[in-house]
Structures are given as C-alpha cells and as structure tokens.
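In what follows, a structure is listed as structure tokens, so that the remarks can point back to it.
The values are calculated or read from the model by the stated rules, or taken from the named source; none is laboratory data. Bear in mind the structure is a predicted one, so any value in this text is a computation, not a measurement. Every residue, glycine as well, gets a Cβ built from its backbone with ideal geometry; the counts of neighbours run over all protein chains shown.
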Amino acid sequence: MDSGLSKASLHVHLEGAIWPETLLEIDPALTPEEIEANMPRGSFAAFIESYIWLTRRLQTPEHYALATRHLLDRLAAEGVRYAEITLSAGVILWRKQDLAAIYDAIWAESRRGPFPVYWIPDATRQFGVEAAMEVARFAVERRDRGVVAFGIGGDEARGPAELFANVYRFCRENGLHLTCHAGETVGPESVRAALAIGAERIGHGITAVDDPALLAELRERDIPLEICPTSNVCTGVAASLDVHPLRRLWDAGVPIVLDSDDPALFDTSIGREYEIAATRFGYSEGELRQLAANSFRYAFRQSV
C-alpha cells in the first residue's frame, strides 16, 4: 500500500519493539508460549504489565544494542529513512541499571545503522518529578551524542504534566526539544497541560478530538499529534478502529504523524499503520504522501 513511500519514524519505543525472535536470542530459556502469554490484552493496565515483563528481560547493554539493530533493520525494510526512537530511561534508572552504558551501546549501534537515528530519553510520570529530572540531566549531557529531545510517558492520571514544568524548562534552556505523551488515557485537559509546559509534539493526543478550541490551537500553532491507531485499540483507549478519531482529527486540520508506538507488543509496524490509514480510514494516495511528508517535516532534526 505504501511500499514506495520514504518515511520517518518519530513515535516508536525501543522496549516495545522487541519481537519474539529477539527475545529468544536475548533469553533462550523463554518459550514462544511464554512470550505470547505476556503480550497485552486489551487495556492500558495490561499493556503496562507486558512492558514491565519485557523490560525485565533486558539485562545488559548488549541486549539493548541487539534490540536496536533488529528494530533498525525492520524500519529500513519498511521505507524508513530517519528515526527518533524513545528509550525508557526512567525505567532503566528505576531498575538500577547503568543508563550511561546502555545508552552508549544503543547510540553506537544506531550510528552503524542504515539511516540517521536520534534518541528521546523518556521519564516515567508516576515515578515523580525528581526521577524525571534525573532523566532530564542525563538527556542534556548526551545532547551532542544523539539525544534530540526529552519526553514523559506512563500514567497520565498519576503524573499530570504541570508537575514537570521545571523539568521541561531545564531541558528547553539546555537545547533539547520537547515531546509529551498526553491525551491517550486522559481527556483533552492533558493535552492542554502538555502544551503549557512547552511540548512541541504530542504523543497520541486523540482525546483532543473532544475539544474544538484545542483542535484549533493545535492547528494554528502547527503542533502535531503522533497517532498510533493499532496501539490505541490494543490498549483500549479506542474501542475499535471504527470509532478511532484519526480521520476526524485529520479533517479538522490538525497536523498528524502516523506511527507504530510499540509494534512488537501490538503486532503491527509503521507500514501496517499506513495500510490501515488507507483501507480503514480512506486515505488517498495523496494523503498518504502527506502523512509521509509530515513525518519528515515534524522531525526535530530539520536537516533530514
């Protein structure tokens, strides 16, 4: 459907892009049945449980480097020519792992990859402000070694964006771009809060569809939503593709970037998301090309 489209990937999590074959290489004691049993089942809470189970398998910098190599190979096969990959730095620190060694391994691996890759260390909202600032300081230290932005993810309800205003200010003043997961499991007020602390891109943001004034603000300020339809259905934040607001957001003039989020956990790919846009949401060839163009336009490295 989109085989001729070159595209960028701006919303993909390394830890959510580890397929069974990679897990089996990392931990040969696992079985396919055990991996399948730990995949998410229809709710955001189930997704978090799967994410925790998966990250526990990642024990060494070499594991992270292997995951990076396999992800980049898959992305290249799907026409991706540039990527900004999110790393769950907050989880790595929470698990008392060596974030510096892990990051150095994935940065070295990504520099050997088939296209330019930059990184977005992500703090976990429910771990609190101090933990987020630790991630922010690390991100700033690595801004000349592949880190392009800082973001927060996790439980929106337990970590409102406004709590992190000073963390975002610190990152902005030290030369990083800013993104924020918002409007995924909480209403449009979460997107507004993300905008208020300086987010330049919004991860998901689908609940913005319920606030016409917010849609106008996103359109006028040219702030894109990074939308991942399969993810939204798998986590239960959209009941089905039939009611997913992708098309309504697009028709409202909101800038859209399409991506896969956690493709291994949700059995999808960025190419599959473009196919869904065409077959389930009626995107024309011209609109698909516009989606692909948006993925480069809203990249934080504008030289791509």
Could you check how many residues of the range 264-304 are modelled with pLDDT of 95 or more and over 24 Å from H177 (Cα atoms)?
-> 21
Do we find that D222 is over 20 Å from R297 (Cβ atoms) and surrounded by fewer than 21 Cβ atoms within 10 Å (Cβ to Cβ) in this structure?
-> no
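So which residues in the range 146-158 are touching a helix residue (DSSP H, G or I) at 6+ places or on another chain (Cβ under 6 Å) and farther than 21 Å from V12 by Cα?
Selection gives R158 alone.
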Is it the case that T86 is in contact (Cβ under 8 Å) with a residue 12 or more places away in the chain, among the polar types (S, T, N, Q), under 29 Å from E275 (Cβ atoms) and outside any helix (DSSP H, G or I)?
-> yes
Within the range 58-83, how many residues are assigned to a loop (DSSP other than H, G, I, E, B) and either in contact with a Ser or Thr (Cβ under 8 Å, 6 or more places away or on another chain) or closer than 21 Å to F127 by Cβ (or both)?
-> 4
Since A199 meets every condition but one in (1) assigned to a loop (DSSP other than H, G, I, E, B); (2) free of Cβ contacts under 8 Å to residues at least 12 places away in the same chain, which condition does it not meet?
-> (2)
Being outside any strand (DSSP E or B) and among the charged types (D, E, K, R) is the filter; apply it to the range 6-22 and report the residue that is nearest to H70 (Cα to Cα).
-> E21
Those residues of the range 102-134 which are closer than 24 Å to Y82 by Cα and among the hydrophobic types (A, V, I, L, M, F, W, C) amount to I102, A105, I106, W107, A108, F115, V117, W119, I120, A123
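Suppose we filter A193, A132, A216, A165 for residues that are part of a helix (DSSP H, G or I) and in contact with a Pro (Cβ under 9 Å, 6 or more places away or on another chain); which single one remains?
A193
Quick grid of which residues meet (1) surrounded by fewer than 16 Cβ atoms within 10 Å (Cβ to Cβ); (2) over 17 Å from the mean Cα position of the chain (by Cα):
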site: W250; (1), (2): no, yes
site: V257; (1), (2): no, no
site: D262; (1), (2): no, no
site: T268; (1), (2): no, no
site: G271; (1), (2): no, no
site: S284; (1), (2): yes, yes
site: F300; (1), (2): no, no
Mind listing whichever residues of the range 149-172 are within 17 Å of A45 (Cα to Cα) and surrounded by 16 or more Cβ atoms within 10 Å (Cβ to Cβ)?
-> G153, G154, D155, E156, G159
